[in-house]
Amino acid sequence: MLGLVTAGCVMGLAFPTNVTAVVSDSDFNALKNLVQQMNGKLQSLEQTNQLYQQTIQQLQRQLGETQTLATNAVQKAEAAAQAQPLPRVPIDEATVNHNFQILGDAEFQYAKASGQNGSFLLADFAPIFLYRAGDNILFEAGFDTTIQNNAPNSSGYSTSFDLSFAQLDYVMNDYVTLAAGDLLLPLGTYTERGAGWLNKIPDDPLAVDALIPGSGVGAELLGAIPVGDAGKFLNYSVYGVNGPSSADGTGNAGALDLGGNVGVRSDGVVANLHGDLSGGARLGFFVPFKPHYDLELGLSGQSGEWDNAGSHLWSAGVLDAALHLGPNFEAKGEYIVSRYGSDDFGQIDQHGWYMQAGYKLAGLNFELPAINNLELVGRYDSLHDGLGTSTERYTVGYVYYFTSTLLFEGDYEFLHSTDPTQVNQLILQLSLGF
Amino acid sequence: MAVAQFLCTLTRSDMKKNKQSKGLAHTIFSTAIIAMLIGGLACTLCLAEPPSNAQQTNSVALKASTPDPDKAAAKSQLTGAELYSINCNRCHPERYPTERTAAQWKTIMLHMQVRANIPVAQSRLILKYLQDNSGR
């Protein structure tokens, strides 16, 4: 019995309890294959996930670097903008190589001559047209438009329109400029640099008006040569123009026409009837001691025939000087001599000079607006015309600067002359430079 | 005859007085002009800045009394602003760079270069200064 029980236990242990289902080998293998496939896929997904994780990390790193770069760039741009302002762009940059402008001045006068009625004397509009046709080419022309009463016993008034100058300037190099046309002549410096609103006294100097031409038609070479590095320079002008002419064709002294010989006459004959040109030159030396302290000296002259027959020479020489001592004081003057031959009076020698000075009361440091805008001016003129008339003129006056370009000038002129028509006069002038 | 002589004397006397009064006016005016000149000169010199010390460098001084090669090298050429202040108010009151555009200054400087007959090199430096500070 015991043996049977034992055998039964052993068989029970040896042989498991019967399951409810029986799995065939094929099913088992199929299941096994499936599990293996799933396992493979799982491994593949794990690998892919790892790659994705690496890529994400890389992108995150790159994003961080980009953000850092952007931040640095913004900071640099802000720093640069603060250090340097943006460059100015000219509003008319398209026209930078050619440009047209109008400068000039306008004057309005009141005058009271001794023994005559006071009168609003004239309105003068003197534009200067500038056309720059490149870096080195300039055309400039100046005009004077004035009104004046007609001759005695004639009614009304006329408007005069004069060409003061018209010249083409070509800067050939740093030392030579060619100018051609109706030139402002470099006899002294008043004509080129002292006329119009630039003159602090309404009237021109006597000797400048009477003894030398202001302009002439011809050609000129001019230039300036620096001397050292302190601003000093020598300047020169050499020119040839038609020159003075005879108003009536004769060689009589009274026929001398300083501004003559221009263009073609109304009868079709060229105006340079004496044939030869008149030549001239100026040499100047400018010495600045420091800003507003400077001295300029110049020597100029011109000579040529003047009468139709070409028998007589007309010659002139000018010594000019200008001195600035500070921003408030200036003095300038010219000494002019001229000589010409004539049929009736032989050789005629003329001379004259002027010296003018101005002092701006701002130099007194009173700090008063009316005083600070006032400049006292004075001039002495002397003229001997070589034909028996001598004139001396003393001028005292002022300039009141409403602005740096709007000036109210007034002066009183004391005349002493062998010409009885020259009388004392008061002149008030409002002038605008633009 | 005596009357004629007396009249002649009177006339000569009048002429002499006229001449004397004209001469006096001449003298007074000449004196006034000279006084104004001297007064202006005196005011200018008295109110001017004291001479610069040899050790100081004035930005607008053109000469140092004690030569310093380094400073001389640095100051060997005047700037456009310095040349502007030297040249550009000799004939007319000072004009300000902001009054014109850069292109306008180019035209005006060409005109001024010819009118004042200044060196082209100086004119270029002045133009650059004006254009750098121009209004537009």
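Within a Cβ distance under 14 Å of residue A:159, other residues only, what is the Lys/Arg minus Asp/Glu net charge?
-3
So how tilted is helix A:2-14 from the main axis of chain A? Cα-based, degrees 0 to 90, rounded to 10.
Computed tilt is about 20 degrees.
Suppose each label sits 7 Å from its Cα in the direction of the beta carbon; what would the residue A:174-residue A:145 distance come out to in nanometres?
Taking the two extended label points, one gets 4.3 nm.
So what is the diffusion coefficient of region A:227-374 in µm² per second by Stokes-Einstein at 20 °C and 1.002 mPa s, using a Kirkwood Rh over Cα pairs?
After rounding, the answer is 117 µm²/s.
Which value in Å is the Kirkwood Rh of region A:96-433 over different Cα pairs?
For region A:96-433, inverting the mean 1/r across all distinct Cα pairs yields 21.7 Å.
What value in Å³ per residue do you get for the convex hull of the alpha-carbon atoms in region B:78-132?
69
How high is the FRET efficiency between residue A:283 and residue A:133 when r is their beta carbon distance and R₀ equals 25 Å, given to the nearest 0.05?
Efficiency at R0 = 25 Å is approximately 0.25.
Quick one: length gained pulling residue A:32 to residue A:389 fully straight, 0.36 nm per residue minus the C-alpha distance?
114.2 nm
Just to confirm the number: angle between the C-alpha axis of helix A:25-83 and the first principal axis of chain A, 0 to 90 degrees, nearest 10?
So the helix axis and the longest Cα principal axis differ by about 20 degrees.
Here, each number is a calculation from the coordinates, and none is a lab measurement. Because the structure is a prediction, the values reported are computed rather than measured. So basically every Cβ, Gly included, is an ideal-geometry build from the backbone, and we count neighbours across all protein chains shown.
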